[in-house]
Amino acid sequence: MPGEKTFTKIADHFRERIMSGELAPGARLPTNREIAGGWQTAAATVSRALQALQVEGYIRTTPRGTFVEDDPVWTLTPKDRLERVQRVKSFLAEGETSRVTAAELVKPPLYIADILDLEAGDQAVRREWLAGRGKTRTVFAVTWYPAPFAALVPDLLNTSPGRNHGLTARVLEATGRTITHARDDMHAREADAREASALALPVGAPVLAGAHRWSDAEGIIEYGEWCLPPRFTIGYEYTP
């Protein structure tokens, strides 16, 4: 996919080999140095790709080397992953109201610039918002978009009530693009100070954190990060 970074391509390469069965459970992967040489990239880039695969449950790293997990987690197809993320967002929106606390053009952190494939000094749209039911805060989220989208969809920089609903659909309509690939990752961790303040939790409280990437052949359309407080559940229904 144009615009993808090398670490993403490496992760996709080994993920596909594992999913296809070419790399069987227990199979040993090449060393980081061998992978770096084959891809003509830095060892740190390889480490980043393998860390992503380890978090996803595909591989394990031991003092003897890196191996395919005995029972690797089979990733859904891009279409299924997109539908899954849409279901998550629908769940978060059901019966809830949202309040946008920030909507601005900013110079993003380096990892966001990396994800959006931005040049040095480029800006991006950052939207920070809270959702809740009554007095209960149910999700704290930040979504990012390429800066040119703001000229096509002015509501990306609007914090007025109601402007958060259906925003992705408006972006797709205005840009003429279609989401063809989606990825979502979730993990449990402790809330940092910003998240704890937004969700009215003590710093260090457990949260379920997630991130999604929606893209097409041109690159990322929307990237988002969110976290839920304790005692909230996300469920998926699917037909085998």
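The values are calculated or read from the model by the stated rules, or taken from the named source; none is laboratory data. Predicted, not measured: the structure shown is a model, and the values here were computed from it. For neighbour counting, all protein chains shown are included, and Cβ atoms are generated from backbone atoms with ideal geometry for every residue, glycine included. Protein only, heavy atoms only, side chains kept; ligands, DNA and RNA dropped before computing areas. Shrake-Rupley method; radii C 1.70, N 1.55, O 1.52, S 1.80 Å.
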Legend entry - Computed accessible area, residue 143, all protein chains, 1.4 angstrom probe, square angstrom: 10
Inset, instruction - Would you tell me the accessible area of residue 112, worked out with a 1.4 angstrom probe on the heavy atoms of the protein chains, in Å² to the nearest 10? - result: 0
Inset, instruction - Throw me the Rg/Rh for segment 129-240, computed over C-alpha atoms with Kirkwood Rh, two decimals. - result: 1.00
Inset, instruction - Quick one: accessible surface of residue 67, probe radius 1.4 Å, all protein chains present, in square angstrom to the nearest 10. - result: 20
Inset, instruction - Mind ranking 13, 212, 165 by accessible surface for me, highest first, 1.4 Å probe? - result: 165, 13, 212
Legend entry - Within-10-Å neighbourhood charge of residue 175 [Cβ basis; K, R +1; D, E -1]: -1
Legend entry - Whether segment 142-196 is rounded, prolate or oblate, judged on the alpha carbon gyration tensor where a/c under 1.5 counts as rounded: oblate
